[in-house]
Each structure stands twice: as C-alpha cells, then as structure tokens.
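Asker: First the structure, which I've put down as structure tokens, then a few questions once you've had a look.
All of the numbers you see were taken from the coordinates with simple rules; none came from a lab. Just so we're clear, the structure is a prediction, and the values are computed from it rather than from any experiment. With ideal geometry, Cβ positions are generated from the backbone for all residues, glycine too; neighbour counts draw on all protein chains shown.
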C-alpha cells in the first residue's frame, strides 16, 4: 500500500492540532501552578526580609535569597558610542542577527565575514486545506 501526499498531510495536520491542544491545556495548568509558586516565592521573600535571613533551612528543603540584576538601554546609539570610546566590547553579547546577516549576504554575495558559519537545511510548512 502506497501512502500519498494527501494522506500524509491529513495525518500531519491532525497531529499538529493534537499537539496544539495539548500545549494549550499544559499552558493553562502550568500558568495556574506558576501563579501559586509566585505567591509562595513572595511569602518566602517576605519571611527572609522580616527575619533578616539570606536563607532558610527546613526539613523540606532550603531557600536562598539572591539579587537578580538586569541591564538594558533605552539609547543604543549612545551605548554604542560609549562602548567604542571605552573599548568595552565585552559589554555586548556575541551573536549574529540572523535576518540582518541574511540580508547583508544577499546584498554583498562576494563579502563573507571571516569565521562565518552557515547551516541551511530544507524544512516543510503544512497549511490546512479548505
């Protein structure tokens, strides 16, 4: 028995629908648990604050209070000038902007940045029939 493209697409769409349903169910249940966890995290943070403790030990487990700091800029042009002026390139992450590199290489096919690696592979996109 030969399987044709229509049969493969039909099964593929059914599988995708089933995965989306499972994902929605998971996200809903997981969201509720995350909310509960966040409430407990806040209560534990408050307990640490009230007692002046950086951590707590219980028979059920240990809690450690840490400080999480994030940095961002609302003026990237000024940040870029600062980085150049102070030779502080370590302040940036080392990654390539995928869309911009694709556009650059399309516009400059004879220019390849040293050390640039490219990995292309075929994939499929399946759209539901009417």
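Asker: Given R₀ = 25 Å, what would the calculated FRET efficiency be for residue 86 paired with residue 116, taking r from the Cβ atoms and rounding to 0.05?
Answerer: On the way: r = 27 Å, r/R0 = 1.08.
Rounded to the nearest 0.05, the efficiency is 0.40.
Asker: Set the Förster radius R0 to 35 Å, insert the Cβ-Cβ distance between residue 51 and residue 16 as r into 1/(1 + (r/R0)^6), and round the FRET efficiency to 0.05.
Answerer: Numbers: r = 51 Å, r/R0 = 1.45.
That pair, residue 51 with residue 16, gives E of 0.10.
Asker: At a Förster distance of 35 Å, what's the computed FRET efficiency of residue 58 paired with residue 27, Cβ-Cβ distance as r, to 0.05?
Answerer: Working: r = 31 Å, r/R0 = 0.88.
Once rounded, the FRET efficiency stands at 0.70.
Asker: Next question. For the chain, how big is Rg over Rh, using alpha carbon atoms and the Kirkwood form of Rh? Can you show the working numbers first?
Answerer: Values: Rg = 25.6 Å, Rh = 22.2 Å.
Rg/Rh: 1.15.
Asker: Would you calculate a helix-derived [θ] at 222 nm for the chain, using -39,500 (n - 2.57) for each DSSP H run of n ≥ 4 and dividing by the full residue count, to the nearest 500?
Answerer: On the way: 3 runs with 67 residues, N = 130.
Taking each H run of at least 4 residues, the total per residue is -18000 deg cm²/dmol.
Asker: Can you give me the C-alpha center-to-center distance between region 49-123 and region 1-16, rounded to a whole angstrom?
Answerer: The two parts, judged by their Cα centres, are 41 Å apart.
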